[in-house]
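This report concerns only the one structure given below.
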Ligand SMILES: NC(=O)C1=CN([C@@H]2O[C@H](COP(=O)(O)OP(=O)(O)OC[C@H]3O[C@@H](n4cnc5c(N)ncnc54)[C@H](OP(=O)(O)O)[C@@H]3O)[C@@H](O)[C@H]2O)C=CC1
Ligand SMILES: O=CC(=O)O
């Protein structure tokens, strides 16, 4: 199967490499074209525009930062829409809001193409290991045709029905994750300020009913103020913002998520947006008056 791949950031690169290593032919494009070279070393072909990728491949996956990037790659000059046509499938795996997905879906289907949104749960390591959880919605036929690729990229794929449902599910999951990360950061601060060992707190948490892979993986690096980005904080804040907008539309009060969003915004204002989202711990420490140097 030949697959086009647009967007070679942290996630897109890992996913495209996985496809190549499992025998897929992959043609890549990235806004910063130089990033394609690492993929060429793995056997990928390179095209210079999204349109050229679509023209070449029956199926194209996109993994882009946010709604404005997702829209730009489709609607701007040399974009997807210029060439998408009957029989071509476009699968957007970026985390965006339902309206963005719907806008892209309608434009592509108007030109005769098929559209699937398929945001993923799981970060850099699950992407490298092919262990993502795929939240697909849209054209069912395209979902069935692209399953061999999803089976390489993920450990489980869900088909959630109409376009928008994948985006909504992803935003709900990440709203919970962002809120948990804030509660965790406050807990670490409280333990520290009240004279407890944070390492002992991690050990206690890991043995109890609220043990989870995120605390286990991020806790030790947070204690070292080490925030090499797996999931960039600016993207987590984007997801909180989009989840809060979904809450607005549905009249769901989310004071915990709103407070967590404020902490992520604060972290961005401290220049931490490109670090891992666990760097919100530094913003929480600043708010509690026990800041360490931000790294
Ligand atoms: N990292 C993670 O753990 C996870 C991320 N996600 C979601 O996946 C998506 C990608 O995340 P991630 O790989 O971490 O992000 P990165 O920031 O590492 O990569 C973003 C990608 O989007 C491209 N891009 C940004 N703006 C534009 C634009 N205007 N036009 C064209 N391309 C653009 C970048 O190109 P360039 O190289 O030129 O900057 C890059 O390829 C996001 O929606 C994120 O929320 C979902 C699950 C986990
Ligand atoms: O979107 C981020 C993730 O870890 O999932």
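Please treat every number below as a calculation from the coordinates, not as lab data. Not measured: the values here are computed from a predicted model. Note that each Cβ is placed from the backbone with ideal geometry, even for glycine, and that neighbours are counted across all protein chains shown.
Of note:
- 0 to 90° range, to nearest 10: angle between helix 98-110 axis and the chain longest Cα axis: 10 degrees
- Ordering 69-78, 273-282 by mean Cβ neighbour count within 10 Å, with the highest value first, yields 273-282, 69-78.
- Relative contact order for the chain, counting Cα pairs under 8 Å that sit 6 or more residues apart, in percent: 13 percent
- Normalised by the number of residues in segment 156-295, the average gap of Cα pairs under 8 Å and 6 or more apart makes the relative contact order 31 percent.
- Percent of alpha-carbon pairs separated by more than 34 Å within the chain: 24 percent
- Percent of beta bridges antiparallel (DSSP, segment 2-161, rounded to nearest 5): 15 percent
- Against the main long axis of the alpha-carbon atoms of the chain, helix 140-153 sits at an angle near 60°.
- For segment 151-295: rounded, prolate or oblate by the Cα gyration tensor [a/c cutoff 1.5]: prolate
- The chain - mean residue ellipticity at 222 nm from DSSP helices (-39,500 (n - 2.57) per run, n ≥ 4, rounded to 500): -16500 deg cm²/dmol
- Within a Gaussian network of the chain (alpha carbon springs, distance under 10 Å), most fluctuating of 145, 48, 249: 249
- Antiparallel %, DSSP beta bridges [both residues in the chain], to 5: 15 percent
- Gyration tensor (alpha-carbon) shape descriptor, segment 198-282, a/c threshold 1.5: oblate
- Average projected area [Cα convex hull, segment 2-161], square nanometres: 7.7 nm²
- Segment 131-221 has equivalent-ellipsoid semi-axes of 37, 14, 8 Å, by the square roots of 5 times the alpha carbon gyration tensor eigenvalues, sorted largest first.
- Degrees between helix 10-21 axis and first principal axis of the chain (Cα, 0 to 90, nearest 10): 50 degrees
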